[in-house]
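What follows is calculated from the coordinates using simple rules that are stated; it is not laboratory data. Since the model is a prediction, treat every value here as computed from it, not as a measurement. Cβ sites come from the backbone with ideal geometry, for glycine too, and all protein chains shown count toward neighbours.
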Amino acid sequence: MQRLWLTFVTVAGLLAASPARGQDASAPHFEIGANASGIVAFGFEGGAGVVGGAGPGLTVNVTPRVAIDLAAEFIGPTESSGTTALYQTQLALPIRRSADGKRTLSFTVGAAGLLWYWQASETRSPRLDGSAVVYPGYRTFRISAPTTLALGIAREEVVSRHVATRFGLQTYLGSLGGIAVRASVGVAFGVGGYR
Amino acid sequence: MTVPILPVLLLALLTAACEIGGRPPGVVVPGPAVPSPFPTAPPYVWDTAEELAVWMNNSVARGSFALEGSGTDAFIRIERADRDWLLRGPDLQPAAEAVLTVRLRYRWRPDPDVPPTASLTTRVSAFFETTTAVNEDATAQAHLSSNLSPRDDWTDVELRPQGQFKPPIGVEYCYVQSYGANRGVLEIDRIELVR
């Protein structure tokens, strides 16, 4: 696992060091958005599994050539009785920009994992002798390590001073479904506006 | 350009999985107590009419019982062995230590209308409320069970431990039960905790 991390950090570094074509658009430091996605996972017995998801995202534009995308999406349907969410953190490294700087194509590399939340109400299990076992209600939150590598491309287009649209296509490799493909669409709001 | 430190730190922080909350252990709510009018010190044998009556005449016991005979010849007659029944033993104070199993002296006469090709046994279980945990579930009761073959004369049977229960174990009280199966008459002449 450590080797995997080193590999993709190195790749990310090399790509980040390469200048993007076109002019450097001045993106806001923060972009807040929302995404909807569909994921097809091929790591299941009996065929592919398909889930859909939607949730918020945050982009931190560290430099004109490096951004960090953080996203969380509630996904379903799943076998879990509670709430399941996908979280993802990735680097977005621009590889091409339009002449007017409004359209950007980026290479993305990152990692994804799952979050689970569920709550159970108190249950009472009667026994034959008139006694009973009472299980108190509880809540559980669990987060898995982001052991799934996410590689892909993302296209962002600024459509107004404060709004941009996004499209992403990624391949997941790892514990989250084995091999999976995720396609997403979304909208982002630039804090302070796009210039 | 060097590899940005912030993204790497963020990614590293997210490599740790965690869990908050979780199912709390169950709590046993005791059922009705069954005090013994006799000392329950060793040898933990119930043979006389008075002793056997303790198993029948309490708020937990259920079934179509009749106490027949007197003295040590007395026995509990279960007319409808095809229906659910339960005999609850007295609370043992102090608890019986190092108990291996329950030995029943019984007669089992299936109804003549039961087809000879059918199974003619009747299944009887015993449960111990124990002084120590039976398995990783601290609320579990020790379970013993056996199929009783048809017998016209008094026969002793020692019920076999089931599941993860590994005797010997301390016992606070015991109850004997069946969900019923074949029609017939089951008679119990003697109940003994074997140590």
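Odds and ends about this structure:
- Trypsin sites (Lys or Arg not before Pro) within region A:120-179, DSSP loop, no more than 12 other Cβ atoms inside 10 Å: A:161
- Scanning residues 5 or more positions from residue A:95 or on other chains, those with amide H under 5 Å from its amide H are A:105, A:106, A:107, with H placed 1.01 Å from N in the peptide plane.
- Relative contact order for region A:29-190, counting Cα pairs under 8 Å that sit 6 or more residues apart, in percent: 23 percent
- For region B:31-194, the relative contact order works out to 33 percent when only alpha carbon pairs closer than 8 Å and six or more residues apart are counted.
- Candidates per GluC sites (Glu not before Pro) in region B:69-153, loop by DSSP, up to 10 other Cβ within 10 Å: B:136
- Annotation: amide H-H contacts under 5 Å for residue B:181 (H modelled 1.01 Å from N, sequence separation of 5 or more, or interchain): B:82, B:83.
- In plain terms, the C-alpha convex hull of the protein assembly as shown casts an average shadow of 27.3 nm² when viewed from every direction.
- R0 of 45 Å, Cβ-Cβ distance residue A:138-residue A:30: FRET efficiency to nearest 0.05: 0.80
- Cleavage-rule hits (GluC sites (Glu not before Pro)) in region A:119-184: DSSP loop, at most 13 neighbouring Cβ within 10 angstrom: A:122
- Residues A:138, A:172, A:194 arranged by fewest to most Cβ contacts within 10 Å: A:138, A:194, A:172
- Helix axis angle, A:2-17 relative to chain A longest principal axis, alpha carbon, degrees: 30 degrees
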